[in-house]
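S.K.: What follows is a structure written as structure tokens; I'll ask about it next.
The values are calculated or read from the model by the stated rules, or taken from the named source; none is laboratory data. In this text, all values refer to a predicted model and were calculated from it rather than measured experimentally. A quick note on method: Cβ atoms are made from the backbone with ideal geometry, for glycine too, and the neighbour counts reach across all protein chains shown.
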Amino acid sequence: MKPRYSERAVRVSRVLTSCFESPVTEMRMLYDRPEGPPPGSPTLGNDDTQKQMQRLLADKINCYASIEDLRLLLVSGAKADGVVTLGLTPLHYACHKNYFDAAKLLIVRGAKVEAVDEVGYSALHLCAEKGSYTLLKLLLDHMANPDKYLSFEQKDQPYPIRDGVDEPLRLAIYQRHYECAKILLEMGADPNARYFEGPQITLLDPKDTNYFKLLLEYGADPNVKSRKGITPLMKSCEGGETSFETTKLLIENSADINVLNSKASYPMSALHYAVGSGHAPTVKFLLQHGARQNLKPDSELNGQRFPPVLHFAIMSGNLEIVQLLLDYGATLHTPDGIYGNAVHLAVCFRMDAVDTVEMIELLLKNGADVNRGVINPHNVYIRSPVEEFFRRLYKYEIETGHGYKNWVRVVKLLFSYGGIFQISPASLDVRSMAVPTAKPWPSYADNLNHYLMSIASDVKDVSSIEPENSMYISAKQIHDLKSQPRRLLEQCRTYIRARIKINPNTVKELPLGPLMRDYILGITGLPEE
């Protein structure tokens, strides 16, 4: 976050760089003063004359006038701690121009180091912003606390009353003046200073590992949250590869890996942000240090259940990270509050993704059960991924206006890993689905209906199914199901599939020829891919 500057601050910057053009004006101010008390007296001259003297002193500093000239002005009535304009003192001008000798002279003559302008900035702010290390050290040597003029926090409030003024430490870090930031911390600057958007450490660029290290060395809390609920670790994990070193540094300094950003619409931990970045080494590092994959209901989540990180990874489409989560114990069948389990998500809700088939195959190879229905946290039963897939497939063309190009590959995968499909009112009747009454016949129905009738594990009572309310199966086929027994070969396949765990590896061990193995797996009887 950029430091915030008001319009008044811009005006101050212009004032600081101004300089008189006419030396005649300077001489007239010096020698045409009204007679009055000796120089230095609080009653010297009228207000206009004093303002002119202060203006001339500031202009001399801007033009790098000699120390002798500055002394002459101070002897003639200009005040080292007097205001020039907008609350700016001569010391502001000296620090703005990085004029060390002038600043030293002003301090000796009584300039107040802690003085702030009307905006709230001191000379220390200017030195920190410009990286004037020597001047910064001079000022710090003459002040007790580099933060004492910024007591803007209201009692019992987590954020300042206003956010228009940044502390010198913030300015030094933003302008990347490392040595200035370090000496400010050494002299007592607060590493946990809060701003409107959050504490100092939450505002750092996650790629700036050195500044994270600096703040942590001086006591910054790695577990504070920004106004949006994001911790420094979440922010660095979101950066992935570019901020990996910062991620490691924060964890080494006891950053809480499993704290949640409960202010987001979807409660997320650092692991969620790492998964979203697509950087597998960051994900692995978090898992190695105890990152929790499943979000358990707790007081912070108001007792609600939310999808585990695996679901987030599946929707992100990173196969490497999904495999990594599975290697570290991700559960495939944990339901979320909306979609079902991980298999439901991959099969039914990523139909247009480029890597849909590869994602489904990865989950199946890791033991996903395509026949397991789930009851979600709202006590709603979600059918098995196989049943839900055919329901989604039926609706897909109606909703999109075109067929699903990967349907053959997905169907083969589901049945080659033990998919079970029963011909029954529950699996065929479309009246429970939100589809138009005058529904079109899906373009792939003619190829799919024979296949489903052949591989179905069972045929339940279909007498209640009306032909106009049936998915995939035609009126003639429903009549045939009611009146004719299934073929013997189909019955044999159903018997074998019910007796062994079906997947390519187990079927490969059967003493059968290649064609029969393919038939048992269910990868024959469909169009070419």
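S.K.: Considering only segment 471-488, I want to know if a residue exists there that is crowded, with 18+ Cβ neighbours inside 10 Å and modelled with pLDDT of 90 or more.
M.R.: For segment 471-488, residues crowded, with 18+ Cβ neighbours inside 10 Å and modelled with pLDDT of 90 or more: absent.
S.K.: Those residues that are closer than 21 Å to I338 by Cβ, modelled with pLDDT of 90 or more and under 31 Å from the mean Cα position of the chain (by Cα), I need them from segment 357-384; list them, please.
M.R.: Result: M359, I360, L363, A368.
S.K.: Quickly run through segment 480-529 and pick out the residues that are among the small types (G, A, S), part of a helix (DSSP H, G or I) and in contact (Cβ under 8 Å) with a residue 24 or more places away in the chain.
M.R.: A498
Residues are listed down the side, and each one gets a yes or a no for (1) at pLDDT below 95; (2) part of a helix (DSSP H, G or I):
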site: H272; (1), (2): yes, yes
site: L286; (1), (2): no, yes
site: Q293; (1), (2): yes, no
site: P307; (1), (2): yes, no
site: H311; (1), (2): yes, yes
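S.K.: Condition (residue is closer than 15 Å to S236 by Cβ and either part of a loop (DSSP other than H, G, I, E, B) or of a type outside the set (F, W, Y) (or both)) applied to segment 174-195: is it met by at least one residue?
M.R.: The answer is no, given that none of the residues of segment 174-195 is closer than 15 Å to S236 by Cβ and either part of a loop (DSSP other than H, G, I, E, B) or of a type outside the set (F, W, Y) (or both).
S.K.: In the list S226, S254, S236, which residue meets the criterion of being part of a loop (DSSP other than H, G, I, E, B), closer than 19 Å to L286 by Cα, of a type in the set (G, A, S) and free of Cβ contacts under 8 Å to residues at least 40 places away in the same chain?
M.R.: Exactly one residue qualifies, and that residue is S254.
S.K.: OK, next. Restricting attention to segment 118-127, and to residues there that are of a type outside the set (F, W, Y) and crowded, with 23+ Cβ neighbours inside 10 Å, which single residue is farthest from V83 (Cα to Cα)?
M.R.: By that ranking, first place goes to C127.
S.K.: Follow-up. Looking at segment 73-118, which of its residues are of a type in the set (A, V, I, L, M, F, W, C) and over 22 Å from E129 (Cβ atoms)?
M.R.: Once the filter is applied, which keeps residues that are of a type in the set (A, V, I, L, M, F, W, C) and over 22 Å from E129 (Cβ atoms), segment 73-118 yields L73, L74, V75, A78, A80, L105, V108.
S.K.: Restricting the first residue to segment 368-388 and requiring it to be free of Cβ contacts under 8 Å to residues at least 24 places away in the same chain and in a strand (DSSP E or B), which pairs with a second residue that is small (G, A, S) and surrounded by fewer than 20 Cβ atoms within 10 Å (Cβ to Cβ) meet a Cβ separation below 9 Å and a spacing of at least six or different chains?
M.R.: Y381/G373
S.K.: Grab the helices (runs of 4 or more DSSP H) fully contained in segment 50-141, keeping just those with 3 or more residues being over 19 Å from E167 (Cα atoms).
M.R.: Passing ranges, in order: 67-75, 100-108.
S.K.: Is it the case that segment 250-260 has a residue that's farther than 26 Å from L169 by Cβ and surrounded by fewer than 16 Cβ atoms within 10 Å (Cβ to Cβ)?
M.R.: yes
S.K.: Here is a list of conditions, (1) touching a residue at least 40 places away in the same chain (Cβ under 8 Å); (2) under 14 Å from Q54 (Cβ atoms), and A128 meets all of them except one; can you say which number that is?
M.R.: (2)
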